[in-house]
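The structure appears right after this line, and notes come after that.
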Amino acid sequence: MIADEAQYIKNNNTQNAKAIKQISSEVRFASTGTPIENSLSELWSIFDYIMPGYLFKYRKFKELYETPIVKDNNQYRMNQLKRMIEPFILRRVKKEVLTELPDKTVTVLYNEMQDEQQKIYLSYLARAKKEVAEEIKLNGFENSQIKILALLMRLRQICCHPSLFLQDYNGESSKLTQCIEVMEDAIASGHKILLFSGYTSMFEMIEKEIKSKGIPYLKLTGQTKVADRINLVDKFNEDENIKVFLISLKAGGTGLNLTGADMVIHYDPWWNLSAENQATDRTYRIGQKNNVQVYKLITKNSIEEKIYELQQKKAKLINNMLSTQSTFISQLSKEDIMELFG
């Protein structure tokens, strides 16, 4: 029995995972591009399918490996687990399989909030710290998750543009200014751009700017019909005059072939780095003839910088663990959460 796209059984509590693990077979294989996306429990669940009991029951696995590795960065436990799973993992890296792919360069571009935007951010940060502390004291950390995520989202939105939720904001966004400058320079040099954002409402402000500059563009979000998606992809790839494609991260992160572009801009960082990588792969795939330049726009001294640091920390852990390109954001601990408000 072969479980293709085995990330669909990474959560052991789902009906998918429970059902497939009940099917009787002598030999089992699992195939996936993201063996670990959010936590080490996903690796355990996939192994629980191919070799039930090999990594013990989950409670013991968590005690022996997941907690020491993720929370304490225990190198001994990490190496021990790696030795256990290595003989059963056949790894295929894109550069080894697709040797004809050109180079890909990833660059982080930092921007700094100015004046009114910075004042708003610092004001909301102080308020958020106070609200989080009160919420946790009143309801406990586990029962405060929704409130905490809402507060974090506000801080992320201010980094993108305060107008995402402040209707009377008339100031500028340092990130938007930087983004437009990068796009103008790239277009002048003959590049075609994919711009991803986790906030579709951000596109309205970006559209206003690029329209004023006379830049032809297309847009794809979760509201775009399936038939229109195909037409938009074909139009972008074939029409040299269309230089920019605005794509929401969730709607356009998979299933699109956009090799007509040779530049990717991630307007805001997402919690899970693999989601960003999958979005980048819309253009960095079979058929791409040009070198691909990837820009990540990060606001300095903000939650975005801390998200990026957290991404790198988890990326290093998973690369040490599995020697794969998959990265994950583990379920955030209380310490991780409070660090984001630092």
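If I model the chain as equal point scatterers sitting on the Cα atoms and use the Debye formula, what is log10 I(q)/I(0) at q = 0.12 Å⁻¹? Debye intensities relative to I(0), on a log10 scale: -0.99.
Rounded to the nearest 10 degrees, the angle from helix 303-322 to the longest Cα principal axis of the chain is 30 degrees.
Near residue 175, which lysines are there with a Cα under 19 Å away, not counting those fewer than 8 places off in the same chain? Within reach: 119, 208, 211, 213, 296, 300, 306. Of the trypsin sites (Lys or Arg not before Pro) found in region 180-231, the ones in coil according to DSSP and having at most 15 other Cβ atoms within 10 Å of their Cβ are 213, 225. One quarter of the convex hull surface built on the alpha carbon atoms of region 157-237 amounts to 6.0 nm², the projected area averaged over directions. Going from the residue with the fewest nearby Cβ atoms within 10 Å to the one with the most, 113, 338 rank 338, 113. Tilt of helix 75-85 relative to the longest C-alpha principal axis of the chain, in degrees (0 to 90, nearest 10)? The angle comes out at about 70 degrees. As a length-normalised measure over Cα pairs under 8 Å and 6 or more apart, the relative contact order of the chain settles at 20 percent.
Hey, how many Å between the Cα centroid of region 114-160 and the Cα centroid of region 228-261? So the two Cα centres are separated by 35 Å. When the alpha carbon coordinates of region 115-171 are projected onto the principal axes, the ranges are 38, 16, 15 Å, largest first. Exposure proxy shown here: for 224, 105, the number of other Cβ atoms within 10 Å sets the order, fewest to most, as 105, 224.
Restricting the GluC sites (Glu not before Pro) of region 1-94 to loop positions (DSSP other than H, G, I, E, B) with no more than 15 neighbouring Cβ atoms within 10 Å leaves 5, 26. Most simply put, the chain has about 0% antiparallel DSSP beta bridges, counting only bridges with both residues inside it. Please give the FRET efficiency for residue 181 paired with residue 120, using the beta carbon to beta carbon distance and R0 = 35 Å, rounded to the nearest 0.05. It comes out at approximately 0.95. Overall size of region 2-94 from C-alpha positions, given as principal axis extents largest first: 36, 32, 24 Å.
Every read-out reported here was derived from the displayed coordinates using simple, explicitly stated rules and does not represent laboratory data. As the structure is a prediction and not an experimental result, all values here were calculated from the model. Positions of Cβ are backbone-derived with ideal geometry, glycine not excepted, and every protein chain shown enters the neighbour counts.
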